[in-house]
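A quick write-up on the structure given underneath.
Taken together, the values in this text are just the output of simple stated rules run on the coordinates, not laboratory data. On a predicted model such as this, the values are computed, not experimentally measured, just so you know. Neighbour counts are summed over all protein chains in view; Cβ atoms, including those assigned to glycine, are modelled from backbone coordinates with ideal geometry.
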Amino acid sequence: MPSSMLEPEYKADYDAWKADPTPERNAAMLKMLHPVLEGAARTHVGDANPLIISRARGMALAGLRTYDPTRGRLQTHMYNQLQGLKRVNRQQSQILSVPERVSLDRQLLAKHVQDITHEIGREPTDRELADRSGISLKRMTHVRSYNPAVAEGTLEGASGEVFGGTRGMGLPEAASVWQRLVYEDLSPRDQKIMEHSMGMHGRKPMANQDIARKLGVSPGAISQRKKIIQDMLNKEAELSPFVR
């Protein structure tokens, strides 16, 4: 019988997942494989923004189901499975505007600042942040300085819609796994927009004008960000690693 080539550091979690692939164990495996997903994303497309990583999660989960430990290492299998990110990146590059690219880079930088600060007990230097995120120092400067204006009232739905199907739900208790994944990938400001729109922490959902007033931006900007967040929520069947 062929011997297993599965790396020892993955064996316990993989065996538990293989025996009973529940959503909780899916999440545990994906969390453990996150460094592999980020590395594969940078290798295949040179980027590890939240949309790419979301797609990588789905591909990784599908790859786990086809993995044969007798035929190779899990990490190698994951890298091969994630070659499809090249196509995803081409599609994403065609539809993302410059402001959205900057927003995604900001989200990625914010996440790495949080992670590194937790690891070393202080905020990282720009060089440390560049090394971890894969974003160059020049690009980092551009991302931090970019501040596009959004005209008030120019976007449809600026009058105060809330996320469909989530009114008053409250993320901490009743939100779905996919809603939590989307929320965790957002920038701090977009998280606030999602919180206020969904009526989190026992509060009523807020209209766009009220959110805009609270965050110091225009209602049009809030509507734009909510549309992007809602588009991500609507892609659960396509992107979520928990949809079989």
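Annotations
- Counting other Cβ atoms within 10 Å as a rough exposure proxy, the listed residues Ile228, Ile52, Ile135 run Ile228, Ile135, Ile52 from fewest neighbours to most.
- By the Kirkwood approach, averaging reciprocal distances over each pair of separate Cα atoms, the stretch 97-145 gets a hydrodynamic radius of 10.9 Å.
- Ordering His118, His142, His112 from the fewest to the most neighbouring beta carbons within 10 Å gives His118, His142, His112.
- When Rg and the Kirkwood Rh are both derived from Cα coordinates, the Rg/Rh ratio for the stretch 8-93 amounts to 0.97.
- What the Cβ-Cβ distance of Arg73 and Leu137 gives, at R0 = 45 Å and to the nearest 0.05, is a FRET efficiency of 0.85.
- Approximating the spin labels as points 7 Å out from Cα along Cα→Cβ, the Arg90-to-His34 distance works out to 3.1 nm.
- Fully extended contour minus Cα-Cα distance, from Thr22 to Glu123, at 0.36 nm per residue: 32.7 nm
- Database remark: amide H of Asp47 closer than 5 angstrom to the amide H of Arg42 (H placed geometrically; neighbours at sequence offset of 5 or more, or on other chains; Pro and chain starts carry no H).
- Burial ordering of Val88, Val217, fewest other beta-carbon atoms within 10 Å first: Val217, Val88
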